[in-house]
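The values are calculated or read from the model by the stated rules, or taken from the named source; none is laboratory data. Computed from a predicted structure; not experimentally measured. Backbone-built Cβ (ideal geometry, glycine too); neighbour counts: all protein chains shown.
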Amino acid sequence: MLKTRDIMTPEVISIGPQASVTEAARLLDTHRISGLPVVDQEGRLLGVVTQSDLVQQARDLELPPTVNLFDVRFFLETPAHFLKRLEKMLGGTVREVMTQKPITIAPDTPVSEVAALMARKKVHTLPVVEGEKLVGIVGKIDLIRALARQSAG
């Protein structure tokens, strides 16, 4: 049975939390990847910044939906959620726009579980961690390559 360590890419293109959003966009474009793990100086995974995070930042601010009832306006979004969206939209550093606590996998995770997780959570890449340290990354293309090797062999 194939494990994550058999198909992961161990040389991960990552970025630090203090890097600019512009630098993250440049790395995503240059390497033609959909996401970057965000790591501290010790290599611990802090989050992930994705194309979706950057697109969300670039869109126009949408005010929280409201309902008017007897001249009283009720907001259908909590102030905390709206503030989080606003901070992400105005963020200038990776830390401000990244997704914290991303879904991760371990090197010993069976490939079948990785595929199921990607499908269920609708993610394209998953950081591979041992403890808190980033040791690799698995993308959908890695799964496709593994399937192709299995059917060829």
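Report whether or not T78 is modelled with pLDDT of 90 or more and of a type in the set (S, T, Y). Show your work before the answer.
Details: modelled with pLDDT of 90 or more: no; of a type in the set (S, T, Y): yes.
The answer is no for T78.
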- Message: I'd like the full set of residues that are at negative phi and in a loop (DSSP other than H, G, I, E, B), limited to the range 38-56.
- Response: D40, Q41, E42
- Working only within the range 13-51, note down all residues that are farther than 14 Å from R95 by Cβ and hydrophobic (A, V, I, L, M, F, W, C). I13, A25, L27, L28, I33
- Query: In the range 39-52, what count of residues is obtained for those that are surrounded by 15 or more Cβ atoms within 10 Å (Cβ to Cβ) and farther than 17 Å from G131 by Cβ?
  - Reply: 4
- Scan the range 110-153 for residues that are in contact with a helix residue (DSSP H, G or I) (Cβ under 9 Å, 6 or more places away or on another chain), closer than 15 Å to G47 by Cα and β-branched (V, I, T) and jot them down. V123, T125, V128, V135
- Query: Within the range 22-37, is even one residue basic (K, R), over 21 Å from T109 (Cα atoms), out of contact with any Ser or Thr (no Cβ under 8 Å at 6 or more places or on another chain) and assigned to a loop (DSSP other than H, G, I, E, B)?
  - Reply: yes
- Item | Residues located in the range 7-34, provided they are within 18 Å of E96 (Cα to Cα), crowded, with 18+ Cβ neighbours inside 10 Å, in contact with a helix residue (DSSP H, G or I) (Cβ under 7 Å, 6 or more places away or on another chain) and touching a residue at least 60 places away in the same chain (Cβ under 8 Å) | I15, A19, V21, A24
